[in-house]
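The values are calculated or read from the model by the stated rules, or taken from the named source; none is laboratory data. Treat the numbers as computed from the prediction; the structure is a model and nothing was measured. Note that we place each Cβ from the backbone using ideal geometry, even for glycine, and neighbour counts take in every protein chain shown. Surface accessibility is based on the protein's heavy atoms, side chains included, excluding ligands, DNA and RNA. Shrake-Rupley method; radii C 1.70, N 1.55, O 1.52, S 1.80 Å.
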Protein chains: 2
Amino acid sequence: MRREQESRGLTTSDAPEADDAGQEAAPARRRAGRKARETRERLIEGTLLALCDEGVTGITTRKIAEKADVHLGTLHYHFESKDALLMAVLDTLGARLAQQLRLGVAGSRDLDECIERVLETDWIIAERNLAIQIVQYELTLYALRTEGAAWMARRQYDDYIKAHDDAFAGHASGAPAEAIRRLSQAVMAGIDGIILQELAAPDLARSRGAVRDLIAAMQALARTLGLHRPR
Amino acid sequence: MRREQESRGLTTSDAPEADDAGQEAAPARRRAGRKARETRERLIEGTLLALCDEGVTGITTRKIAEKADVHLGTLHYHFESKDALLMAVLDTLGARLAQQLRLGVAGSRDLDECIERVLETDWIIAERNLAIQIVQYELTLYALRTEGAAWMARRQYDDYIKAHDDAFAGHASGAPAEAIRRLSQAVMAGIDGIILQELAAPDLARSRGAVRDLIAAMQALARTLGLHRPR
DNA sequence: GTCTATACATGGATAGAC
DNA sequence: GTCTATCCATGTATAGAC
């Protein structure tokens, strides 16, 4: 079930190039046609659906093709391998997540409120579709195992951290970037942990309480880190 | 690759029975012989090794048999299915983890110190072998996908929460159990999140700093929750 | 660029000798 | 209780018609 030795298409771009990430283009074709682009996207979307149903361990190219309403051969025309397709999905997921966060946290008054909104937003996004969260974790772990794709896991992390940094930065302009970064890390760690708990032992009421607790704890941490402006 | 319809051996015991968990015994045999027990354990240990190498997606019964130095037929004599074996590993892992935590947190002076020790211990355990941590997450997620095994993921969570409760309880005897529970949840969530970060974007120095930050935040949370005794 | 058909490998599981 | 040999389903990927 492996063809790792020459998993080209995953190593082609070892560093984040531009921002339309995950473009493991079809062999020797950079400027893909209008329709091809649509099919690519249908494939990615179909893979996501199939992953929600089956998980990374259960996924097969046939199921993907079926969900995407595309034939098996077509899949392999657009993606060098199943792995390449899976990684493209991970990339899409990460971008989508960071985007959602940015949209959700506009206009806070002060840092405390900002922390609160960020965490509430993080949680809402996760709660809205826990199935996708599972997929995200599965794919991230899978990337760690896949030759030449570990950097994708790191980028997932970097991007999401950055989205948090940006949210906080506006309300702690005097503070050193490093302190902000530490807050972002703690916030993200906390939310990830709560999501994991919700997945393993579902109990929405408990998790929402945990988010409240986390908010309080992070506000306290921000103080410890000296992020609050004097009033 | 699936035979879910009748994954007996996983549904036999839907509730935690006794404490020698994960005993999906060989068909119609409760009192297994001395040697059989050894082989079972070799198989579990071998599976763990194989999982560290390959991950859940890459694992095969053949690789397991090889690592355990056992023949393929023997594997299926002891375990009804690959899934049953995998779940037995998850159980072992969980028990081992809780055990390690208990050993590591003896004799703190007060709650603040206890929180510190618990988190330091949690982290040391994880840092000592990150490879196993990955496996633990993979297996927990896998359990969620496996028909009739989702309860195993929940038990993982319950057991580890309980280990934390026990550690804290001694230093907050007056406090309501619910407040202690909330602290445990927050602590675990935070650590899990940090481990996840370390896996996705390895940087031990950063993670150790994150643990320090988490300690401070959790001590603050304990205060918010009214867990500290008046001095 | 998309489809059909198929090659080829690999996996889980079992039968039956020992 | 362990081993060998094998069945048979399923998977990824490709070849080549359209």
Checklist line | lysines whose Cα lies under 28 Å from that of residue B:63, excluding same-chain neighbours fewer than 8 positions away | finding: A:63, A:82, B:35, B:82
Next item on the list: Please say if the protein assembly as shown is rounded, prolate or oblate, where rounded means a/c under 1.5 for a ≥ b ≥ c the square roots of the C-alpha gyration tensor eigenvalues, and otherwise the choice is prolate for a/b larger than b/c and oblate otherwise?
Entry: oblate
Notebook entry, point to check: Picking from B:128, B:102, B:155, which is most flexible by a Gaussian network model of chain B using Cα springs under 10 Å?
Noted result: B:128
Item checked: Local electrostatic count at residue A:63 - Lys and Arg +1, Asp and Glu -1, tallied over other residues with Cβ under 9 Å -> -1
Checklist line | Pseudo-label separations to other copies for residue A:45 - Cα-to-Cβ vector, 7 Å, nm | finding: 5.2
Next item on the list: For region A:183-231, list whatever residues lose no less than 40 Å² of accessible surface once every protein chain is in place, relative to that chain by itself, with the probe at 1.4 Å.
Entry: A:185, A:189, A:196, A:197, A:200, A:201, A:206, A:213, A:217, A:221
Item checked: Residue-normalised accessible area of the protein assembly as shown, given per residue in Å² at a 1.4 Å probe -> 47 Å²
Next item on the list: Return the carbon/sulfur percentage of the accessible area of the protein assembly as shown, one whole number, probe 1.4 Å, all protein chains in place.
Entry: 51 percent
Notebook entry, point to check: In debye to the nearest 20, how big a dipole does chain B give about its Cα centre with +1 on each Lys and Arg Cβ and -1 on each Asp and Glu Cβ?
Noted result: 380 debye
Next item on the list: Compute the length gained on full extension between residue B:147 and residue B:177: take 0.36 nm times their separation in residues and subtract their Cα-Cα distance, giving the result in nm to one decimal.
Entry: 7.5 nm
Notebook entry, point to check: Counting Lys +1, Arg +1, Asp -1, Glu -1, what net charge surrounds residue A:185 among other residues with beta carbon under 11 Å of its beta carbon?
Noted result: -3
Next item on the list: For chain B, with a Gaussian network of springs between Cα atoms less than 10 Å apart, report the residue from B:220, B:169, B:98 with the top mean-square fluctuation.
Entry: B:220
Checklist line | Area buried, chain A against chain B - accessible surface, total, 1.4 angstrom probe, square angstrom | finding: 3600 Å²
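Can you order the peptides B:43-56, A:201-214 by their average number of other Cβ atoms within 10 Å per residue, highest first?
Output ranking for B:43-56, A:201-214: B:43-56, A:201-214.
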Checklist line | Top positive-direction residue, dipole computed over chain A with Cβ charges, set A:164, A:85, A:136 | finding: A:85
Note to self: Once each part is reduced to its C-alpha centroid, what is the distance from region A:159-185 to region B:52-69 in angstrom?
What the structure shows: 42 Å
Margin query: Given the whole protein assembly as supplied and a 1.4 Å probe, what does the accessible area of residue A:171 come to in Å², nearest 10?
Written below: 40 Å²
Checklist line | Within a Gaussian network of chain A (alpha carbon springs, distance under 10 Å), most fluctuating of A:167, A:200, A:65 | finding: A:200
